[in-house]
Every structure is written in C-alpha cells, then in structure tokens.
1. Please identify the trypsin sites (Lys or Arg not before Pro) of region 85-117 that satisfy two criteria: DSSP loop assignment and at most 15 other Cβ atoms within 10 Å. Which are they?
2. Determine the sum of side-chain charges near VAL85: Lys and Arg each +1, Asp and Glu each -1, restricted to other residues whose C-beta is under 14 angstrom from that of VAL85.
3. Could you give the spread of the C-alpha atoms of region 145-214 along their three principal axes, from largest to smallest, in whole angstroms?
4. Tell me which residues come under 5 Å, amide H to amide H, from ILE206 once H is placed; ignore anything under 5 positions away on its chain.
5. Within region 110-187, list the GluC sites (Glu not before Pro) lying in a DSSP loop whose Cβ has at most 12 other Cβ atoms in a 10 Å radius.
6. How much accessible area per residue does region 98-214 have, counting only protein heavy atoms and a probe of 1.4 Å, in square angstrom?
7. Tally Lys/Arg at +1 and Asp/Glu at -1 over every other residue whose Cβ is under 13 Å from the Cβ of GLY166; what's the total?
8. Carbon and sulfur together cover what percent of the accessible area of region 124-204 at a 1.4 Å probe radius?
Amino acid sequence: MIYYKKECKYDFYNSLIFFIFAISFLIGLIILIMDFKYIVTTFLLSTFTFLSTSATDVVVGDDKPDASYVDFSESSDELEALFNVTGADIIENAMKYLGRPYRSGMKGPHAFDCSGFTSYVYGIKNISLSPSSKTQYTQGVSVKRDELRQGDLVFFTSPRSGRSVGHVGIVTEVEEDGNFHFVHASRRGVVVDNYAKAGYYKGRYIGARRILDY
C-alpha cells in the first residue's frame, strides 16, 4: 500500500513536469512563429514600399531626386542644343543684358560677374557651363585665336589670378584681320570690347574654348 502511494506520487510529479515542459515548448513555438511572421511581413512591406517609391520617381518625377536619379530628358536637350544652337543665337541673348551691373558672385539676370554672365547666357539655350571661369576653361575644345568665331569663350588673366584664368567673355564678332570683339561682365557692367583696342585685356589673353558644334 505504501509502495503504491509512492508510485502514484512519482507519476504525478512526472506528469506535472511533462505538462510544464509541453506548455513551455508550445509557448516558445508560438513566439517563434509570430516573430517569423513579423519578419516576413516587414520584409514584404518594405519591398513593396521601395518598389512603389521607385516607380513613382520614374513615372511621376520628384522635386528633389536623389544623387542616383538621372534626368535623361535634360541630357538629351543639352546634347541637341550643342549641335543646333549657333554663335549668333548666343550673342543675340547676350546683347539683351548690355548695361547690367557687375556684382561679384552674381549669376544674373539682374547683375553678373564674368563667369556668371557666360553661364547664364548659355544656360538660356539649355547648355550648362560651370559658374567658375577656371572650370569653363576646361569645357568644350581649345581654339586658336586665328580660328575664333561667334559664341566662342575667350579667357584672360586678372590682377588676382596671376597667370591663371581670372576673366571670361564671349566672342561677338571676328574681323578679317583676326581681331575680335567680345561681350563680357566687366567692372563697368556688361559691355562689348574691341580686343585690339582694349589694351588691358590684350595683354592678358590666355586662350579660347569652343562650346558649340555647329
């Protein structure tokens, strides 16, 4: 009788331990399944959001696209302009701003510095130029002085630039003897100067670059 009671007691404890173990296992399994569902759901939602955002950027456009976004329409417009815009077109626009005041660092349209003027005038025709005269001197192709034509950029030194580029203008006219006239934003404002008669610039000429391919 005593042995029977002890055996029942042990069976009860074993059953209780097994029951607790089983409950713990089920709870752990449920938590694992819920976490897995959460992970899968989060991943799917993130993927869908990313794809939706990407599709919106491509189709609709974004006011502030990220660095990886490339607007091919603007690139094609500029490429077309490089082949179709003429020097006369550039000069026609440049002459509209004669008399505008010079202001250091200004890019137009109410005031200009030298490189701000050239970049603005070209920009009207969808052609991008750097706002820096030194960088503009690396754009396009180099042109000899006896090969200049309307629309070419001409570069000069300035008191502050030493022997490097410090000023830029746009050729408006080329005479038969090779002399040229150029429009630029000088300290006097936007003016046209005759290279042969402008002693200051004649002694500071560095070179020329051609942006247009017409």
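1. Passing sites in region 85-117 are ARG103.
2. Working: positive: LYS125, ARG149, ARG210; negative: ASP77, GLU78, GLU80, ASP89, GLU92, ASP152, ASP213.
With Lys, Arg at +1 and Asp, Glu at -1, the neighbours total -4.
3. Sorted largest first, the three principal extents are 34, 23, 21 Å.
4. PHE155, PHE156, THR157
5. Within region 110-187, the qualifying GluC sites (Glu not before Pro) (loop, at most 12 other Cβ atoms within 10 Å) are GLU175, GLU176.
6. Value returned for region 98-214: 50 Å² of accessible area per residue.
7. Taking every Cβ under 13 Å from that of GLY166, the sum is +4.
8. Within region 124-204, the accessible surface is 45 percent carbon and sulfur.
The values are calculated or read from the model by the stated rules, or taken from the named source; none is laboratory data. Quick caveat, the model's predicted, so the values are computed rather than measured. Neighbour counts are summed over all protein chains in view; Cβ atoms, including those assigned to glycine, are modelled from backbone coordinates with ideal geometry. The area values use the complete protein model at the heavy-atom level, side chains included, leaving out ligands, DNA and RNA. Shrake-Rupley method; radii C 1.70, N 1.55, O 1.52, S 1.80 Å.
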